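Taking it in order: structure first as C-alpha cells, then the write-up.
FYI, it's all coordinate maths here, none of it is from the lab. The model shown is predicted, which means the values in this text are computed figures rather than measured ones. Cβ placement follows ideal geometry from the backbone for every residue including glycine, while neighbour counts extend to all protein chains displayed.
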Amino acid sequence: MIASIKGILEEKTPPYVLIDVAGVGYEIQLPMNCFYQLPDLGEPVRLLTHFIVREDAQLLYGFHDHASRSLFRELIKVNGIGPKVALAILSGLSCAQFVAAVNQEDLSSLVKVPGIGKKTAERLLVEMKDRLKNWNMELPQTPISDSLSAHGDLPLQPSIDPKEEAVAALESLGYKTNQADKLVKQVWKNGMSSEELIREALKAAL
C-alpha cells in the first residue's frame with residue numbers, strides 16, 4: 001500500500017497531477033477540493049494517497065487531508081460507487097457538506113453529482129448514515145504539509161486554454177461534454193484560471 005507521496009509537483013492537469021519522487025514520476029488523481037490546495041509547479045508537495053490495483057491498471061488517488069481520504073474510502077465501499085464517482089462527490093462537496101447532506105437526507109444535492117441517480121443516492125444516504133455515525137469531523141481539515149498552499153487560484157500551465165482544460169476536467173469527473181461545456185460557459189469571466197472555472201462550474205452544477 002502506498003500511503004503517501006512526497007516530491008516535486010511537475011504537472012497539474014485537473015484532476016491529475018504528476019509528482020517527481022527521486023526521478024520517478026507518479027500520476028495521481030485528486031478531487032478538486034484537494035486540487036485547489038496544491039502549491040505552484042516546481043514546489044515540494046506531500047499528499048496522502050489511496051492505491052487501487054485492477055487487472056488493467058494501478059491507480060493512485062491523492063488527498064491533502066485525512067478527512068478527505070477517509071471519506072473517499074468509505075464512499076467506494078458503497079455498492080455502485082467507484083473511485084470516479086467518489087472523486088466527483090468530493091469535488092463538488094466538502095467533507096462537512098457531504099456529512100450534512102447525509103444527516104439531513106438531502107437527496108437533491110446527491111443526484112446532481114454525475115454518475116449518481118436517484119436509487120444510488122438513496123442507497124448512499126442509507127449506507128453512509130450508518131457509517132458516518134462515528135465520523136469525527138475533527139479529523140485534520142488543513143493540509144498535511146506546510147508546503148501545501150492555502151490558495152486555490154494558482155495558475156496551471158499557461159499554454160493550455162483554461163476553458164478547454166476546465167471542460168476536460170469536468171468530463172473526467174463524469175459530466176457529459178455538452179454539460180461540461182454549458183457549465184463552463186455559464187460561469188466564464190475574462191481572466192479566470194482553469195481552477196477558478198472548475199470550482200465555479202461545480203458550484204453551479206450543485
Margin query: Using the Cα atoms of the range 46-122, I'd like the radius of gyration and the largest Cα-Cα distance, Dmax, both in angstrom.
Written below: 12.7, 39
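Taking 2.2 N^0.38 Å as the expected size of a compact globular protein, what ratio does the Cα radius of gyration of the range 4-63 give against it, to two decimals?
Here the answer is 1.04, to two decimals.
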Note to self: At a 10 angstrom cut-off on C-beta neighbours, averaged per residue, how do the peptides 18-26, 96-104, 192-200 rank from highest to lowest?
What the structure shows: 192-200, 96-104, 18-26
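How long are the semi-axes of the ellipsoid equivalent to the range 162-205, from square roots of 5 times the Cα gyration tensor eigenvalues, in whole Å, largest first? List each step's numbers first, then the result.
Numbers: eigenvalues 42, 19, 15 Å².
Calculated on Cα positions only, the semi-axes equal 14, 10, 9 Å.
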Next item on the list: Go through the range 108-121 residue by residue and turn each phi into a ³J(HN,Hα) via Karplus (6.51, -1.76, 1.60, θ = phi - 60°); whole Hz please, and just put x for glycine and proline.
Entry: 4, 5, 6, 6, 7, 6, x, x, 10, x, 4, 5, 5, 5
Next item on the list: May I ask for the net charge around residue 76, where only other residues with Cβ less than 13 Å from the Cβ of residue 76 are counted and Lys, Arg are +1 while Asp, Glu are -1?
Entry: +4
Item checked: Volume of the Cα convex hull of the chain, divided per residue and given in Å³ -> 125
Next item on the list: Per residue of the range 79-96, in order, report the coupling 6.51 cos²θ - 1.76 cosθ + 1.60 (Karplus, θ = phi - 60°) as ³J(HN,Hα) in whole Hz, putting x for Gly and Pro.
Entry: 4, x, 10, x, x, 5, 5, 4, 5, 5, 4, 6, 7, x, 10, 6, 4, 5
Checklist line | Relative contact order [Cα under 8 Å, 6+ residues apart], the chain, whole percent | finding: 22
